[in-house]
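Trainee: Starting off with a structure, shown below.
The values are calculated or read from the model by the stated rules, or taken from the named source; none is laboratory data. No experiment lies behind these values; they were computed from the predicted model shown. Virtual Cβ from ideal backbone geometry, glycine too; neighbours counted across all protein chains shown. For the accessible areas, the whole protein counts, side chains as well, though only heavy atoms, and no ligand, DNA or RNA atoms are used. Shrake-Rupley method; radii C 1.70, N 1.55, O 1.52, S 1.80 Å.
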Amino acid sequence: MKTEIKSVVILVAVEDEALPLIEFLGLKENTAILHPKLPMRCFQGTHNSLALSVVLSGKDERHHVDYIGSEAAAIMAYEAVTKLNPDVMISAGTAGGFAEQGADIGTVYLSDEYYVYHDRHVPIPGYHESAIGLYRAPNVKALATKLGVSTGIVSTGSSLKKSADDIMTINSHSAVAKEMEAAAEAWIGQLFSVPLIAVKSITNLVDHDNASEEEFIKNLSYASERLTEVLIQLIDTLPEFCVEDLAR
Ligand code: ADE
């Protein structure tokens with residue numbers, strides 16, 4: 001059976017990373033679709049034949065910042081699958097990368113193999129494997145070749161600041177992107193059988209001496225432009241594929 005890709009939801013935690021795409025696609029906010037108590041926001045429209053929604057995690061009004069991290073990401077993905085019924089979800093955003101793996105500022109990766117958490121330490125058999133996630137990532141090899149972007153394992157944690165322990169775990173998986181949402185969204189994707197592709201643009205090089213948070217702020221705008229370029233190519237290309245093409 002072939003399931004055409006007709007409906008796509010793009011999940012974004014940091015509003016500044018999504019605004020160029022929302023503007024380019026002319027998406028309009030739908031305030032009636034997500035749970036009214038939640039901070040998440042939904043922007044919708046069509047692009048070629050595709051029904052598109054961009055869901056933002058929303059603001060922590062106490063501190064005037066976006067909700068980043070896996071808790072908001074899981075709720076956002078749950079709202080997306082249950083209210084919007086997408087064929088495919090995309091986890092879009094920025095990430096820390098690794099010069100040793102060939103990354104530069106603005107390098108964009110598609111997720112490959114599996115999603116893993118790098119800061120969950122539960123040394124009890126079974127709980128360990130469950131805690132670190134290891135959620136299957138879709139097979140994006142053909143898609144990545146068409147887009148001319150690299151692929152790799154995406155690793156999720158709760159900190160932007162780097163730590164030696166996190167880096168050691170990330171390196172043990174040879175992951176290419178260190179970010180804060182994808183594994184949580186992939187868990188929801190796996191529960192509801194909706195493939196989740198992560199598209200991550202590098203704002204900072206974790207294996208360089210600079211503080212990740214300073215490089216993140218400095219490069220956010222450029223990395224978001226690169227992210228937007230690849231996302232536009234991706235949504236132009238996705239309808240050439242069916243859901244089964246992404247299966248592992
Ligand atoms: N997002 C962008 N850069 C990041 C980093 N170094 N760690 C976690 N999340 C990030």
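Trainee: Which value, in Å², gives the accessible area per residue of segment 108-224 when a 1.4 Å probe is used on the protein heavy atoms?
Mentor: For segment 108-224, the solvent-accessible area averages 45 Å² per residue.
Trainee: Between Asp104 and Ser159, how many nm apart are label points set 7 Å from Cα along the C-beta direction?
Mentor: That separation, rounded to one decimal, is 3.0 nm.
Trainee: Let me ask something else. Residues with beta-carbon under 13 Å from that of Ile132, excluding Ile132: net charge, scoring Lys, Arg +1 and Asp, Glu -1?
Mentor: Result for the local shell: -2.
Trainee: Just add up the charged neighbours of His118: K/R +1, D/E -1, any other residue whose Cβ is under 12 Å from the Cβ of His118.
Mentor: -1
Trainee: I'd like the accessible area for His63, computed on protein heavy atoms only with a 1.4 Å probe and all protein chains in place. Round to 10 Å², please.
Mentor: 110
Trainee: Using heavy-atom solvent-accessible surface (probe 1.4 Å) with all chains present, what is the largest-first order of Leu84, Leu110, Leu160?
Mentor: Descending accessible area places them as Leu160, Leu84, Leu110.
Trainee: Additional query: By how many nm would the segment from Lys59 to Ser150 lengthen if fully extended, with 0.36 nm per residue of separation less the alpha-carbon distance?
Mentor: Full extension from Lys59 to Ser150 adds 29.6 nm.
Trainee: Just list whichever of Lys59/Lys161; Lys2/Lys200; Lys6/Lys28; Lys83/Lys200; Lys2/Lys37 have alpha carbons separated by over 30 Å in the model shown.
Mentor: The pairs that break the limit, which is 30 Å between Cα atoms, are Lys2/Lys37.
Trainee: Within the chain, which whole H helices from DSSP have a Cα span along their axis of at least 18 Å and a mean Kyte-Doolittle hydropathy of -1.0 or more, if any?
Mentor: Sorted by number, the helices that extend far enough and score high enough are 70-84, 212-237.
Trainee: Once R0 is set to 22 Å, what does the formula 1/(1 + (r/R0)^6) return for the Cβ-Cβ distance between Phe24 and Glu213, expressed as a FRET efficiency to the nearest 0.05?
Mentor: 0.20
Trainee: Considering only protein heavy atoms, what is the solvent-accessible area of Met40 at a probe of 1.4 Å, reported in Å² to the nearest 10?
Mentor: For Met40, solvent-accessible area is about 20 Å².
Trainee: Find which of His208, Ala131, Ile5 sits farthest along the positive direction of the dipole of the chain, computed with +1 on the beta-carbon of Lys and Arg, -1 on that of Asp and Glu, about the Cα centre.
Mentor: Ile5
Trainee: Just reorder Lys162, Lys28 by solvent-accessible area, largest first, 1.4 Å probe, all chains present.
Mentor: The ordering from most to least exposed comes out as Lys28, Lys162.
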